[in-house]
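S.K.: Below is one structure. I have some questions about it.
Coordinate-derived values only; no laboratory data. Since the model is a prediction, treat every value here as computed from it, not as a measurement. A quick note on method: Cβ atoms are made from the backbone with ideal geometry, for glycine too, and the neighbour counts reach across all protein chains shown.
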Amino acid sequence: MPTPTATPNPNPNPNPSPSPSPNPNPNPNPNPNPNQAAAKEPFGVTLGAIIGHGICTGIAVIGGKLLASRISERMTLMAGGALFILFAIAALIQGPASSF
């Protein structure tokens, strides 16, 4: 009596891959990482951001005042105009961005 032969399985993976999710967000968990500072101390993070912005603004104001005393208003206007034209030319060469 002939022995039956097993037919090969056409799909070696018994668990087919799931269909792609319609959600474009690659992170399935929208909650923040519990180890991040904002999840544990939101008051401290907010206070630090306010203090940091205050320090940066103070440095910008003092630096701007010192720079304005050394450079004429005309020179500032000419440099700003030249940079504007330079960036316009660069944007024309680069073209519109397809995606971000």
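S.K.: GLY81: net charge of surrounding residues, Cβ under 13 Å, Lys/Arg +1, Asp/Glu -1, itself excluded? If you can, show how the numbers build up before the last one.
M.R.: Details: positive: ARG74; negative: GLU73.
Overall, the nearby charge balance is 0.
S.K.: Would you calculate the separation in nanometres between label points at MET78 and ILE62, each defined as 7 Å from the Cα along the Cα-to-beta-carbon direction?
M.R.: Using points 7 Å along Cα→Cβ, the separation is 3.1 nm.
S.K.: Here's a follow-up. By what distance, in whole Å, do the Cα atoms of segment 35-100 stretch along each of the three principal axes, largest value first?
M.R.: The Cα atoms of segment 35-100 stretch 48, 43, 10 Å along their principal axes.
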